[in-house]
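Q: To start, I am sharing the structure in question, which I have written as structure tokens.
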Amino acid sequence: MLIKKTRGWEIPESRVTPEAVFLNRREILAASGLGLIAASLPGMARADDDPSAGLYPAKRNDRFVAGRPITPEDINAHYNNFYEYSTDKDLADAAQALKIRPWTIAFEGMVEQPKTVGIDDLLKVMKLEERVYRHRCVEAWSMTVPWTGFPLADLVAYAKPLSGAKYIRMETFMDPDMAPGQNQPFYPWPYVEGLSMAEATNELAFMVTGVYGKPLLKQMGAPIRLHTPWKYGFKSIKSIVKISFVEEQPLNFWQQLQSSEYGFWANVNPEVPHPRWSQATEQVIGTNDRIPTQLFNGYGEFVAGIYKGMEKEPLYM
Ligand code: MTE
């Protein structure tokens, strides 16, 4: 993720320009080669140290067709955004400090009864499936990922929100000892994201607990994250510990940091540029391909209806 360079103390220029712009052919090839070596490094999936390992792989749901080759695991595992650990993409080693058990998720706000559940108890009551989704980052790169998880709609039903709830607000853990990035006071920790109830209960919104047929990798937001494939990647909050149902639209992490560049809705649209770069195309990570970006990342048939009558809202930032 990128923020505007306004003051010298913020971040270096290399971090405020889309990574994809810098990725020339040679670097991409080098990255692919590096991936092969990385297969034996600590950032790769090690299902044996996760108590949920026996739940994977889950059956693939063929309703969701990505239409692109899956990004190789060794490349995805070393190209991540997880600012709690680093602003560099290869943060796999740093993210191994994330302690994923015990792990609880609290349900709060406008619910029949607030409650807290342990991740393994939640996994016992949710039916896991695999979905291959396209993932489009606001930085103009993309991947195709075989996530395992369950519909967010099932989690909403489990939480029993009151009818007055208009939005769902999700929060990442806050523990600067475990996540050194959270010692940087410049950022509005903890990471927060939100969806409208119509979005949260849309069949595409997916809670992810696994990837590549194994438990979710730490650098990808273990033990539980969101994936909303029609939105820019920053909406897909990682390592969630709290879910609240609220009446007011939540302010997300990036909005708090730079509201002129990042908004609440953040739906993918090639025709609405980011204030500092075009969103017309995307670099497919692990390849030399730069391809046209699609409205709603190609998922319009599932989600376009949500936004009917909302044309005055800033739906694409
Ligand atoms: N969630 C948290 N808690 N912290 C982050 O820095 N980065 C977001 C999103 N969720 C982020 C986060 C961004 S900008 C993107 S593109 C995706 O995670 C990246 O997911 P990936 O690393 O699995 O590709």
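Q: To the nearest 10 square angstrom, what accessible area does M317 show with a 1.4 Å probe?
A: Spelled out: M317, probe radius 1.4 Å, area about 60 Å².
Q: How far is it, in nm, from the label point at E247 to the one at D121 when both lie 7 Å from their Cα along the line to the Cβ?
A: According to this spin-label approximation, the distance is 3.0 nm.
Q: Now a separate question. Past 27 Å, Cα to Cα: identify those pairs from K59/K166; K166/K218; K235/K308; K166/K231; K115/K238; K214/K235, in the order given. It would help to have the intermediate numbers written out before the result.
A: Details: K59/K166 32 Å; K166/K218 31 Å; K235/K308 21 Å; K166/K231 19 Å; K115/K238 20 Å; K214/K235 23 Å.
The pairs that break the limit, which is 27 Å between Cα atoms, are K59/K166; K166/K218.
Q: Just the number, please: carbon plus sulfur as a percent of the accessible area of the stretch 13-307, 1.4 Å probe, no ligands or DNA/RNA counted. Before the final figure, lay out each step's value.
A: Working: 6400 of 11870 Å².
Roughly 54 percent, rounded to a whole number.
Q: While we're here: Please report the accessible area of W103 (heavy atoms, 1.4 Å probe, ligands and nucleic acids excluded) in Å², nearest 10.
A: 20 Å²
Q: Could I ask something else about it? Jot down the radius of gyration and Dmax of the stretch 230-276, Cα atoms only, both in angstrom.
A: Rg then Dmax for the stretch 230-276, in Å: 12.1, 35.
Q: If S52, S278 are ordered by their accessible area, calculated over protein heavy atoms with a 1.4 Å probe, which sequence runs from highest to lowest? Let's see the in-between values first.
A: Values: S52 5, S278 70 Å².
The ranking, largest first, comes out as S278, S52.
Q: Taking N as the number of residues in the stretch 13-307, what is its alpha-carbon radius of gyration divided by 2.2 N^0.38 Å? Let's see the in-between values first.
A: Values: Rg = 18.0 Å, N = 295, 2.2 N^0.38 = 19.1 Å.
Ratio of Rg to 2.2 N^0.38 Å for the stretch 13-307: 0.94.
Q: Whole number in Å², please: accessible area per residue of the stretch 13-307, 1.4 Å probe, ligands, DNA and RNA not counted.
A: Numbers: 11870 Å² over 295 residues.
Averaged over the residues of the stretch 13-307, the accessible area is 40 Å².
Q: Leaving ligands, DNA and RNA out of it, work out the accessible area of E129 with a 1.4 Å probe and give it in Å² to the nearest 10.
A: 40 Å²
Q: Something else about it: How far apart, in nm, are the 7 Å Cα→Cβ label points at F186 and Q256?
A: 1.7 nm
Q: Further question on the same structure: About its Cα centre, what dipole magnitude does the stretch 13-307 give when the only charges are +1 on Lys and Arg Cβ and -1 on Asp and Glu Cβ, stated in debye to the nearest 20?
A: Numbers: 29 positive and 34 negative charges, 84 e Å.
Value, rounded to 20: 400 debye.
Q: Compute the distance in nm between two label points, each set 7 Å from the Cα along the Cα-to-Cβ direction, one at V272 and one at R101.
A: Label at V272, label at R101, 4.3 nm between them.
Q: Find how much the distance from A198 to R63 grows on full extension, using 0.36 nm per residue of separation minus their present alpha carbon separation; answer in nm with one decimal. Numbers along the way, then the final one.
A: Details: separation 135, 0.36 × 135 = 48.60 nm, distance 2.02 nm.
Once the chain is fully extended between A198 and R63, it gains 46.6 nm.
Q: Per 5 Å bin, what is the whole-percent P(r) computed from every C-alpha pair distance within the stretch 150-231?
A: 3, 13, 20, 21, 18, 14, 9, 2
The values are calculated or read from the model by the stated rules, or taken from the named source; none is laboratory data. Since the structure is predicted, the reported quantities are computational estimates derived from the model, not experimental observations. We place every Cβ from the backbone using ideal geometry, glycine too, and count neighbours over all the protein chains shown. To get the accessible areas, we keep the full protein, side chains included, count just its heavy atoms, and leave off ligands, DNA and RNA. Shrake-Rupley method; radii C 1.70, N 1.55, O 1.52, S 1.80 Å.
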